[in-house]
Amino acid sequence: MKMDKELAAGFFLLIGIFSLTYISVKLGRLEVLGNRGYSLHAEFENAGGIKPGSEVEIAGVKVGQIKNIRLVDYQALIEFTINEDVAIQEDAIASIKTKGLIGEKYIQITPGGSERILPHGAKIRETESAIDIEEIIAKYVFGKV
């Protein structure tokens with residue numbers, strides 16, 4: 001009888017550990033088995049506080065995630081993964097946007113009209129950098145608008 005209680009307690013302990021691990025991975029946006037999709041990159045004059053792990057969206061729907069940001073020739077080179085079931089046209093536009101006034105940054109992709117689709121590792125040529133709110137306010141305050 002004592003063995004049954006110990007076995008049941010051990011079973012519930014294992015379920016608890018697996019549940020906590022699952023929740024930690026999901027809330028931390030970690031990829032344990034890898035993200036299925038293809039990589040694209042884009043260069044921006046100003047990355048404006050965007051971070052690896054931020055979302056990539058089309059029409060408000062998450063279609064990917066930012067993998068890496070680095071400086072190349074004084075430009076921010078942002079690499080991101082797009083879900084394999086989403087096709088990005090050759091003339092698409094990548095813009096850095098903010099959710100709300102002071103919300104988190106993300107990349108919004110505006111689809112193009114071309115029939116040519118970007119392959120794995122391709123570059124989105126048309127980009128719009130983040131808007132620097134502080135710079136706009138400073139120009140307004142000092143009368144340079």
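Read the figures in this text as sums done on the coordinates, not as results from a lab. Note that the structure is predicted; figures quoted are calculated from it, not measured. Don't worry about glycine lacking a Cβ; one is built from the backbone with ideal geometry, like all the others, and counts go over all protein chains shown.
Just a few scattered comments:
- Our estimate of slack between residue 129 and residue 110, defined as 0.36 nm per intervening residue step minus the Cα-Cα distance, is 5.5 nm.
- Likely footprinting exposure, 21, 98, fewest C-beta neighbours within 10 Å first: 21, 98
- Value at 222 nm in deg cm²/dmol, rounded to 500, when DSSP H runs of n ≥ 4 in the chain each add -39,500 (n - 2.57): -8000 deg cm²/dmol
- Note on residue 84 and residue 12: the model spin-label points, each 7 Å out from Cα along the C-beta direction, lie 4.1 nm apart.
- Efficiency of FRET from Cβ geometry, residue 51 and residue 139, R₀ 35 Å, rounded to 0.05: 0.85
- Given +1 at the Cβ of Lys and Arg, -1 at the Cβ of Asp and Glu and no other charges, the dipole of the chain around its Cα centre is 500 debye to the nearest 20.
- Taking the charge dipole of the chain about its Cα centre, with +1 at Lys and Arg Cβ atoms and -1 at Asp and Glu Cβ atoms, the residue from 8, 39, 141 reaching farthest to the positive side is 8.
- Globularity ratio of the chain, using Cα Rg and 2.2 N^0.38 Å: 1.47
- Local net charge near residue 87, Cβ-Cβ under 11 Å (Lys/Arg +1, Asp/Glu -1): -3
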